[in-house]
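Before any comments, here is the structure.
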Amino acid sequence: MKGDEGYVMDGQPETTMDDMRPLEDGDPRAVGGYVLLGRIGSGGMGTVYLGRAPGDDHDTRVAVKTIHPHLALDSAFRERFRDEAVLAGRVASFCTARVLAHGEEAGRP
């Protein structure tokens with residue numbers, strides 16, 4: 001995925017517009033073609049956004065996870081984050097959210 005480094009997941013309990021907060025000034029507006037609609041949450045590792053799949057006529061919602069910019073400078077952390085996305089993609093979709101894509105954009109996993 002091109003965009004703020006991160007990965008996109010689908011298949012978990014649906015997030016509603018009431019569950020999200022508005023995007024902040026420093027937040028990307030899109031990641032890897034996924035338009036970001038707002039923030040779902042943020043923690044020590046990064047931020048999770050509510051996004052919409054690119055070119056989706058049905059308004060499919062997805063979670064887009066990115067890591068904090070200062071952590072993106074740490075190559076070991078970037079590698080662990082990438083491994084997390086790859087391993088999450090191997091888990092059966094009935095057990096967890098399905099990973100739709102992962103990658104890097106503008107130097108951020």
Legend entry - Members of region 45-61 that are open to solvent by 20 Å² or more (accessible area, probe 1.4 Å) and either in contact with a helix residue (DSSP H, G or I) (Cβ under 9 Å, 6 or more places away or on another chain) or within 17 Å of G107 (Cβ to Cβ) (or both): M45
Inset, instruction - Please give the number of the condition A76 fails out of (1) within 13 Å of the chain's Cα centre (by Cα); (2) surrounded by fewer than 16 Cβ atoms within 10 Å (Cβ to Cβ). - result: (1)
Inset, instruction - Output the strands (runs of 3 or more DSSP E) that fall wholly within region 30-106 and possess 2 or more residues being of a type in the set (K, R) and either at pLDDT 85 or above or in contact with a Pro (Cβ under 8 Å, 6 or more places away or on another chain) (or both), or say none. - result: 61-67
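The values are calculated or read from the model by the stated rules, or taken from the named source; none is laboratory data. None of the values given here were measured: they were computed from a predicted structure. Glycine gets a Cβ as well: all are built from the backbone with ideal geometry, and neighbour counts include every protein chain shown. These area figures cover heavy atoms from the full protein model, side chains too; ligands, DNA and RNA do not enter into them. Shrake-Rupley method; radii C 1.70, N 1.55, O 1.52, S 1.80 Å.
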